[in-house]
Amino acid sequence: TQIYQEIVSAKEQNRKLLAILLDPEKVMLSDIKELCFKITESPATHIFVGGSTFNGNHLDDIIQVIKNHSNLPIVLFPGDYKQISAFADGILFLSLLSGRNSDYLAEHQVNAVPLLKKTSLEVIPTTYLLIESGIVTAVERVSATKPMNRNEYKYVAQTAKAGEYMGNKLVYLEAGSGAKNPVPLKMVSEVSNAIQVPLIVGGGIRTKEAIKKTFEAGADMIVVGTVFEINNSFFV
Ligand code: 1GP
């Protein structure tokens, strides 16, 4: 419960958290050491590892190299049930409540159990909501679900609350990696006001200004992937 407890106490103290997402599909093993130096110099508090389309078998290698060069908690952010590595510290156990594809509501979760049993990963049940972002993102394509309307703040907040009642410990508002438009700030504040659990926001956040505004709107943690991939010195 260490990772989750830390996220909760950060929320209580209004200490904002920043995760850098490394997609195993995109990072080269040989670049990870250097990436970790950049991450260490940045304000990042967590490293997320995962992606929608990754199905390689070098996840263990990648995570071991990260572990050797960073002290930050490594949290799996899996695109499917096979993206599990015992070398990470925790895993977001995602329920894609924005969609109605039962594979991403139950099938992957059930299939993950035998794999998780072989690890001591901290499992963090998370409501995962895909929000319309102006382009078809990989999450939409791979999950074969429609994102939620970006103007329907109330319904998104209602769905987030349902996830909380179901027992999920986090809500993750996702515009999708490389999103044209990030999750609207008004939606971030609407959802953050509706729930008690910590709120993660990611997808299409590309500027320091956007990070600041998204925190101000009520995000407890922001996830940044593409901008760091393109420019490792973004935070320096
Ligand atoms: C995390 O998918 C994101 O939720 C990462 O998005 O690559 O657009 O930063 P970016």
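The values are calculated or read from the model by the stated rules, or taken from the named source; none is laboratory data. Not measured: the values here are computed from a predicted model. We place every Cβ from the backbone using ideal geometry, glycine too, and count neighbours over all the protein chains shown.
Report, by residue number, each residue of the stretch 191-208 that is more than 15 Å from the ligand (Cβ to nearest atom) and either of a type in the set (A, V, I, L, M) or surrounded by fewer than 19 Cβ atoms within 10 Å (Cβ to Cβ) (or both). Within the stretch 191-208, N193, A194, I195, Q196, V197 qualify. Of everything in the stretch 209-219, what is in contact with a Leu (Cβ under 6 Å, 6 or more places away or on another chain) and within 14 Å of the ligand (Cβ to nearest atom)? Give them in sequence order. The one that is in contact with a Leu (Cβ under 6 Å, 6 or more places away or on another chain) and within 14 Å of the ligand (Cβ to nearest atom): A219. When the stretch 137-148 is filtered for residues that are surrounded by 13 or more Cβ atoms within 10 Å (Cβ to Cβ) and farther than 13 Å from R100 by Cβ, the ones remaining, listed by number, are T137, A138, V139, E140, V142. Selection within the stretch 164-180: residues that are charged (D, E, K, R) and in contact with a helix residue (DSSP H, G or I) (Cβ under 8 Å, 6 or more places away or on another chain). The member of this set that is nearest to the ligand (Cβ to nearest atom) is E174.
Taken together, V188, V227, V183 contain a single residue that is within 16 Å of the chain's Cα centre (by Cα), without any contact (Cβ under 8 Å) to a residue 40 or more places away in the chain and within 10 Å of the ligand (Cβ to nearest atom), which is V227.
Restricting to the stretch 97-110, count the residues that are of a type in the set (A, V, I, L, M) and either crowded, with 21+ Cβ neighbours inside 10 Å or on the phi > 0 side of the Ramachandran plot (or both). Adding up the residues that qualify gives 1. Total residues in the stretch 134-151 satisfying the condition of being of a type outside the set (V, I, T), outside any helix (DSSP H, G or I) and touching an Asp or Glu at 6+ places or on another chain (Cβ under 9 Å): the figure is 7. The condition of being in contact with a helix residue (DSSP H, G or I) (Cβ under 6 Å, 6 or more places away or on another chain), within 16 Å of the ligand (Cβ to nearest atom), within 24 Å of A179 (Cβ to Cβ) and not in a loop (DSSP other than H, G, I, E, B) does not hold for I39. When the criteria are applied in full, K118 fails the requirement of being at pLDDT 95 or above, buried (at least 17 other Cβ atoms within 10 Å of the Cβ), more than 18 Å from the chain's Cα centre (by Cα) and not aliphatic (A, V, I, L, M).
You will find that of N14, N57, the residue that is closer than 26 Å to N111 by Cα and free of Cβ contacts under 8 Å to residues at least 24 places away in the same chain is N57 and no other.
Can we say K67 is of a type in the set (K, R), under 19 Å from the mean Cα position of the chain (by Cα), at pLDDT 95 or above and more than 30 Å from L185 (Cα to Cα)? Yes, satisfied.
Within the set A86, A44, the sole residue that is of a type outside the set (V, I, T) and under 15 Å from the mean Cα position of the chain (by Cα) turns out to be A44.
The listed residues are V224, V197, V201, and the only one of them that is at pLDDT 95 or above and in contact with a Pro (Cβ under 8 Å, 6 or more places away or on another chain) turns out to be V201.
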